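See structure below.
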Amino acid sequence: LNRVTTLPRGFVWGGATAAYQVEGATKADGKGKTMWDDYLEEQGRFSPDPASDFYHLYPTDIKLAQDYGLNAVRVSIAWTRIFPQGYGEPNEKGVAYYHRLFKECIDHGVTPYVSLHHFDSPKNLFDAGDWLNRKNIDHFVDYARFCFTEFTEVKNWFTVNELISLALSQYVAGNFPPNHHFDISSAIQAEHNELLAHARVVNLYKSLNLDGRIGLIHVLQPIYPITNTKENQHAADLYDAFINRFLLDGTFLGEYSDETMALINEILSKNDAHLDIQRDDMEILKAASTRNDYFGLNYYQSQFIQAYDGPSGNEFNGTGEKGTTSFSFHGVGQLVPKAGVPTTDWDWNIYPEGLYDILKRVAREYPNSHTIYITENGLGLKEEYNGEDIIQDDKRIDYIDQHVDAVLRARSEGVDVQGYFVWSLQDQFSWANGYNKRYGLFYVDFDTQKRHVKKSAQWFKALADTM
Ligand code: BG6
């Protein structure tokens with residue numbers, strides 16, 4: 001333990017949250033429904049209320065952040081608190097809430113980094129096709145314009161969080177509404193359309209000449225061939241194109257390279273799928289590609305893959321029972337465990353080298369990404385507070401320690417990483433896993449809403465003190 005002994009001066013050292021996962025109060029003060037509300041109610045597995053009740057308890061959490069040495073926090077604005085239907089007249093109470101939240105952050109020296117979209121499309125727009133409907137992009141741009149001109153106290157913006165997670169979870173893995181499985185046309189189209197939404201908002205932001213910075217957040221998953229055969233390497237290249245490269249090209253090159261498109265087209269033709277790129281799309285992407293001020297990189301795990309030509313299928317581990325995950329993508333590959341690589345209870349590979357590798361790659365292949373912030377990284381655990389002793393989350397400390405070490409190693413070799421946000425600030429609602437997968441530095445008793453400091457929070461503070 002304790003590979004990392006000091007942090008660089010001025011490093012951004014924060015905790016991350018997302019509106020729907022922490023706020024609760026999903027029906028309060030005129031908030032409109034997101035794509036999750038009815039879906040979760042119908043499923044009856046878990047409720048998004050009150051989650052961590054951040055809607056009311058944000059002063060408690062921001063104070064904890066300050067007390068434990070965090071100088072930044074990632075939050076997202078719930079689109080449907082501002083525009084309950086996704087568009088129309090702004091909801092004053094929702095607007096007032098975010099002004100209060102941002103003021104609280106700033107007053108406590110905890111800089112807010114704010115996303116406009118974190119998996120929570122308005123129900124109304126979701127029903128009309130979500131990102132697959134280009135009209136919804138217009139509504140997103142209007143919502144962004146409103147936020148930029150209203151919340152001028154915010155200086156650090158992100159457009160969309162984890163475009164690939166949305167596309168994959170909605171249309172491939174089928175564990176986010178609308179639960180489609182291996183609908184490859186929709187997945188690739190969602191990737192492209194989300195990139196367009198991001199690019200249009202960046203172009204708008206720059207035209208407004210505001211005093212602040214903007215970027216987007218990708219979760220990156222390095223893919224390694226399980227053994228070094230030509231076939232396995234090709235599987236890795238295909239899968240990488242689908243989940244990393246297409247999005248990185250679109251964001252930072254403003255075009256999909258020939259090599260990327262050859263791989264994507266191979267996947268599309270094998271799966272009888274297609275992608276619709278319209279006339280002006282690439283100009284929009286091109287214009288935005290040099291205008292990102294920074295890049296938010298989320299990292300949890302890497303993947304190992306072998307060549308595979310059988311049918312597509314997947315089992316998603318939402319229970320914390322090891323060994324229940326499987327993922328086979330027809331014509332692309334099959335994800336497999338790698339001997340010697342430890343996994344979490346949810347079968348996620350713990351592989352800090354992957355973070356180092358991907359940071360080096362992004363810096364090398366995508367210089368337009370400029371400054372990088374690790375905007376999420378952390379470990380989900382089943383934890384229970386006994387009412388007395390501090391939670392000994394050494395596993396989490398070890399995970400964070402190894403990953404921060406990888407970040408600082410890449411940084412010492414010239415990759416411009418300026419910050420690290422742990423996922424998550426406090427325990428919160430996990431989209432597909434409910435409340436038994438805890439990530440927080442601070443334990444939340446979901447019955448009483450009491451917070452309890454974990455050992456990882458103390459570890460986090462000790463490092464903050466070295467800056
Ligand atoms: C990221 C998301 O994908 O991973 C978060 O941005 C999410 O919203 C986090 O909670 C962890 O995922 P999970 O499924 O373990 O909650």
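The values are calculated or read from the model by the stated rules, or taken from the named source; none is laboratory data. Owing to the predicted nature of the structure, the values given are computational and were not obtained by experimental measurement. All Cβ positions, even for glycine, are placed from backbone atoms using ideal geometry, and neighbour counts span all protein chains on display.
Looking only at residues of the stretch 373-392 that are in a loop (DSSP other than H, G, I, E, B) and more than 23 Å from the chain's Cα centre (by Cα), we find that the one that is nearest to the ligand (Cβ to nearest atom) is GLU384.
Among residues of the stretch 137-194 being in a helix (DSSP H, G or I), of a type in the set (Asp, Glu) and within 16 Å of the ligand (Cβ to nearest atom), the one that is surrounded by the fewest Cβ atoms within 10 Å (Cβ to Cβ) is GLU191.
Selection of the stretch 184-207 for residues being free of Cβ contacts under 8 Å to residues at least 60 places away in the same chain and either over 24 Å from PHE158 (Cα atoms) or over 19 Å from the mean Cα position of the chain (by Cα) (or both) yields SER186, SER207.
Contact map, the stretch 208-229: residues that are farther than 24 Å from LEU297 by Cα and at pLDDT 95 or above paired with residues that are among the aliphatic types (A, V, I, L, M) and outside any loop (DSSP other than H, G, I, E, B), Cβ distance under 7 Å, separation 6+ or inter-chain. Pairs shown: ILE226/ILE305. Of the residues making up the stretch 167-200, those that are in contact with a helix residue (DSSP H, G or I) (Cβ under 9 Å, 6 or more places away or on another chain), more than 18 Å from LEU263 (Cβ to Cβ) and of a type in the set (Ser, Thr, Tyr) are TYR171, SER186. For the stretch 56-76, the set of residues classified as among the hydrophobic types (A, V, I, L, M, F, W, C) and touching a helix residue (DSSP H, G or I) at 6+ places or on another chain (Cβ under 6 Å) consists of ILE62, VAL73, listed by residue number.
The set of residues from the stretch 5-48 being more than 21 Å from the chain's Cα centre (by Cα) and among the acidic types (Asp, Glu) comprises ASP29, ASP38, GLU41, GLU42.
Please go through the stretch 318-347 and pick out each residue that is within 16 Å of the ligand (Cβ to nearest atom), surrounded by fewer than 18 Cβ atoms within 10 Å (Cβ to Cβ) and within 26 Å of ARG409 (Cβ to Cβ). If the condition is that a residue be within 16 Å of the ligand (Cβ to nearest atom), surrounded by fewer than 18 Cβ atoms within 10 Å (Cβ to Cβ) and within 26 Å of ARG409 (Cβ to Cβ), then THR343 is the only one that fits. So the check is Cβ under 8 Å with 6+ separation or different chains; which pairs have a first residue in the stretch 428-439 that's part of a loop (DSSP other than H, G, I, E, B) and a second one that's among the acidic types (Asp, Glu) and buried (at least 24 other Cβ atoms within 10 Å of the Cβ)? Between residues of the stretch 428-439 that are part of a loop (DSSP other than H, G, I, E, B) and residues that are among the acidic types (Asp, Glu) and buried (at least 24 other Cβ atoms within 10 Å of the Cβ), the close pairs are TYR435/ASP427; TYR439/ASP427.
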